[in-house]
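Structure first, commentary second.
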Amino acid sequence: MNRTNTFLLLFFLPLFTFCTSAGSEEVKDFYSASGAFPQEVRTPPMPHDVTFAGEEVPLHYFDVRESLMRELTGLSFFHGTMIYTMQLNNRYGGEIKRILREEGVPEDFYYVCVAESGLRPVVSPAKAEGYWQFLARTAKEYGLVVDGEVDERYNIEKSTRAAAAYFKKAYKEFGSWSLAAASYNTGMRNVRYRVDIQSEDNYHNMQLIEETGRYLYRAIAFKIILNNRERYGFYLSQEDLYKPLDYFEVEVSGKIDNWSDFARSHGTNFKMIKMYNEWIRANYLHNRAGRNYTVRVPVKGFRES
């Protein structure tokens, strides 16, 4: 054992011995006298009733209630990440919900997007990417361009419309929005198999792999907390929240030799163009297929006030 470890052991051992040998009242007195008291931790409040996409969540079932409580607890104490998600929610929530409404999909599926990516352009260990976490193969099946120059899994509008198409197809298959959401995690084939072998078509009554069994409750927990921030201990002012991006649109149907040059010609820089258009994956666009792309350009050029 090196000298540093020996010192740490000698320093913390008396305190550890005191805390483990003393009763709770003695520990409380010790912290009170020192002016520091352990944080008081409680389970988050449970709602009396909950729905997802108009379908009842049966909280009177103990396992359902415990599943939702688990997700509410985890998110409630995930402070930094939840605050960031709330800030992004103010920026992107309105647009994504609007698109879902236009596509005839319940707004509650927005919280599936939140659960999938936290509203961030992320990559999963399984190589699912973008706001809705599409695998490349599935993205292409639903009409998204995925190549070295463009990846529309990172286009909020197009990826949301693609996800909506998936949900509508799954709802037609299962007749349940909850199972449509579950299938987004585990696949329609897997849900169909479990419906058949269990003779059960209610998500809350089905035995599913753990990830899928938690999946819907995590989305519901996001819905509850994002719509009741202060009840769950998050006090954010309007100034704390990120503003929706202000942009105008430029149609591109040909080649872009250099996106940085394109940005400068529109009074901004590549960093801002990339921030507003995460689907751009290179600093050029050969566009050999001659596709049309809508590029969002910040109204105020380099920075928003």
Revision key, fill the gap. XL table K169/K223; K140/K243; K140/K169; K158/K223; Cα-Cα > 21 Å flagged, in table order, is K169/K223; K140/K243; K158/K223
Check your understanding: What's the carbon and sulfur percent of the chain's accessible surface, probe 1.4 angstrom, rounded to a whole number?
Key -> 51 percent
Practice item. Using only Cα atoms, figure out Rg for the chain and give it as a multiple of 2.2 N^0.38 Å. Key: 1.26
Review point. Suppose R0 equals 35 Å; then what is the FRET efficiency for E66 and L135 from their Cβ-Cβ distance, rounded to the nearest 0.05?
Key: 0.65
Review point. Of I224, F270, L208, which is farthest along the charge dipole of segment 206-303 in the positive direction, counting Lys and Arg as +1 and Asp and Glu as -1 at C-beta?
Key: F270
Practice item. About the Cα centre of segment 43-194, how large is the charge dipole given +1 on each Lys and Arg Cβ and -1 on each Asp and Glu Cβ? Please answer in debye to the nearest 20. Key: 300 debye
Point to revise | Helical contribution to [θ] at 222 nm, DSSP H n ≥ 4, -39,500 (n - 2.57), averaged over the chain, rounded to 500 | key: -16000 deg cm²/dmol
Point to revise | Built amide H within the under 5 Å cut-off of L135, gap 5+ | key: E129
Review point. Over the chain, what relative contact order in percent results from Cα pairs under 8 Å that are six or more residues apart?
Key: 17 percent
Check your understanding: How big is the charge dipole of segment 57-122 about its Cα centre, in debye rounded to the nearest 20, if each Lys and Arg gets +1 on its Cβ and each Asp and Glu gets -1 on its Cβ?
Key -> 220 debye
Review point. Suppose every K and R has +1 on its Cβ and every D and E has -1 on its Cβ; what is the size of the dipole of the chain about the Cα centre, in Debye to the nearest 20?
Key: 920 debye
Review point. Between N90 and A282, what is the spin-label point distance in nm, taking each point 7 Å from the Cα along the Cα→C-beta axis?
Key: 3.8 nm
Exercise for review: Work out from phi, with θ = phi - 60° and the Karplus expression 6.51 cos²θ - 1.76 cosθ + 1.60, the ³J(HN,Hα) of each residue of segment 175-191, listed in order in whole Hz, and give x for Gly and Pro.
Suggested key: x, 8, 5, 5, 6, 4, 5, 4, 5, 5, 8, 10, x, 5, 4, 5, 5
**Study point:** Cα convex hull of segment 154-305, projected area averaged across orientations, nm²
**Key:** 12.7 nm²
Check your understanding: Quick one: accessible area per residue over the chain, 1.4 Å probe, rounded to a whole number of Å²?
Key -> 55 Å²
Point to revise | Summed residue charge, Cβ within 12 Å of A164's Cβ, Lys/Arg positive, Asp/Glu negative | key: +3
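Can you give the extra length, in nm with one decimal, that the chain gains between L245 and V122 once fully stretched, where that is 0.36 nm per residue apart less the Cα-Cα distance?
42.4 nm
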Revision key, fill the gap. In whole percent, the Cα-Cα distances of segment 55-132 spread across 5 Å bins from 0 upward as 3, 13, 18, 20, 21, 17, 8, 1
Practice item. Report, to the nearest 10°, how far helix 62-76 tilts away from the longest principal axis of the Cα atoms in the chain, using its own Cα long axis and a range of 0 to 90°. Key: 80 degrees
**Study point:** Degrees between helix 79-102 axis and first principal axis of the chain (Cα, 0 to 90, nearest 10)
**Key:** 40 degrees
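The values are calculated or read from the model by the stated rules, or taken from the named source; none is laboratory data. Because the structure is a prediction, the values reported are computed rather than measured. As a convention, Cβ positions derive from the backbone with ideal geometry for all residues, glycine included, and neighbour counts pool all protein chains shown. Please note that ligands, DNA and RNA were not included when accessible areas were found on the heavy atoms of the full protein model with its side chains. Shrake-Rupley method; radii C 1.70, N 1.55, O 1.52, S 1.80 Å.
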